Amino acid sequence: MKRSMASNTIPSDAATADGRSVQGRRGILFIVSAPSGAGKTTLCKQLVASMPGLWHSISYTTRKPRAGEEGGREYYFVEEDAFQDLMARHEFLEHAHVYGNWYGTPRKALMDKLEQGVDVLLEIDVQGALQIKKTFDDAVFIFILPPSLEALRERLLSRASDTQEVIQRRLQKVKEEVWSFREYYYIVRNDDLEQSLRELQSIFFAEQLKTKRLDMNWFEQNFIRDRNPTPLPRDPSTTT
């Protein structure tokens with residue numbers, strides 16, 4: 001059953017069941033963007049399902065739910081006046097107006113997770129990603145591309161959720177957005193879902209294993225602090 005968020009207060013502890021607190025390091029913020037119809041949502045859902053401990057941030061939007069979407073799962077669906085109220089209270093980390101609708105990332109829930117050491121996946125459009133890039137130096141930016149513009153056109157037509165006019169607008173925006181690929185650190189070409197998922201997973205694993213993200217508490221406890229010091233045997237040659 002579809003539902004809309006009636007409250008204007010952003011939840012500070014949404015979907016924590018798959019979150020894992022990692023003592024000693026800050027969580028990693030993974031930003032995933034893609035042109036509409038490139039398969040970003042499907043890939044992100046599979047990624048979260050395959051990687052325990054990864055928390056998926058849910059955005060707010062003023063657009064209406066599509067068939068099969070549920071409030072609080074894909075998005076928090078709100079009316080425009082409620083969205084504007086949240087924006088006025090600075091409760092969004094970023095917000096953007098895309099295809100006639102507003103989208104915004106709740107700030108507090110995301111920041112709380114990062115502070116707890118939980119890695120966060122945020123799927124947003126290019127506008128929002130560029131806003132976040134100004135303030136998050138250590139975020140990981142990933143851009144998903146379809147195999148070609150023609151393949152994307154076929155996907156949008158087969159989805160049958162937009163009018164021809166909307167599809168044409170989306171394709172025109174894709175031509176503009178693809179040039180933003182230089183702002184991202186990784187490119188994944190989604191022409192095979194299984195291969196694309198493996199590539200995304202490899203990016204996440206590699207980033208988690210970087211030296212700069214090492215849990216220093218764990219390192220000190222296991223390699224620096226000697227909790228059970230054992231006296232070294234004396235060298236007989238030094239005995240007097």
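All of the numbers you see were taken from the coordinates with simple rules; none came from a lab. Note that the structure is a prediction, hence the values are computed from the model and not measured. Reconstructed Cβ throughout: ideal geometry from the backbone, glycine too, with neighbour counts over all protein chains shown.
Per residue of region 46-63, in order, report the coupling 6.51 cos²θ - 1.76 cosθ + 1.60 (Karplus, θ = phi - 60°) as ³J(HN,Hα) in whole Hz, putting x for Gly and Pro.
Rounded to whole hertz, the list is 5, 5, 4, 5, 9, 10, x, x, 8, 9, 9, 6, 9, 8, 9, 8, 9, 6.
Any idea how far the Cα center of region 107-136 sits from the one of region 189-210, in Å?
Distance between centres, Cα-based: 19 Å.
Using a 10 Å cut-off around each Cβ, can you sort 45, 134, 113 from fewest to most neighbouring Cβ atoms? Write down the numbers at each step before the final one.
Values: 45 14, 134 8, 113 23.
Neighbour counts put them in this order, fewest first: 134, 45, 113.
Considering only C-alpha atoms, what is the centroid distance from region 66-106 to region 30-46, in Å?
Taking the Cα centre of region 30-46 as reference, the centre of region 66-106 is 18 Å away.
Using all C-alpha to C-alpha distances in region 29-209, build P(r) with 10 Å bins and read off the rounded percent in each one.
All Cα pairs, binned at 10 Å, distribute as 9, 37, 40, 14, 1 percent.
What's the lysine pair count for region 84-190 at a Cα cut-off below 26 Å, pairs eight or more apart or interchain? If you can, show how the numbers build up before the last one.
Values: 108/133; 108/134; 113/133; 113/134; 133/173; 133/175; 134/173; 134/175.
Eligible lysine pairs with Cα atoms under 26 Å apart amount to 8.
Restricting the calculation to Cα positions, tell me the Rg (one decimal) and the Dmax (whole number) of region 145-185 in Å.
Here Rg and the maximum Cα pair distance are 11.1, 33 Å.
Report, for region 29-209, the % of DSSP beta bridges that are antiparallel, rounded to 5. All intermediate terms of the calculation are to be shown ahead of the outcome.
Values: 8 of 27 bridges.
Bridges in region 29-209 that DSSP calls antiparallel: roughly 30 percent.
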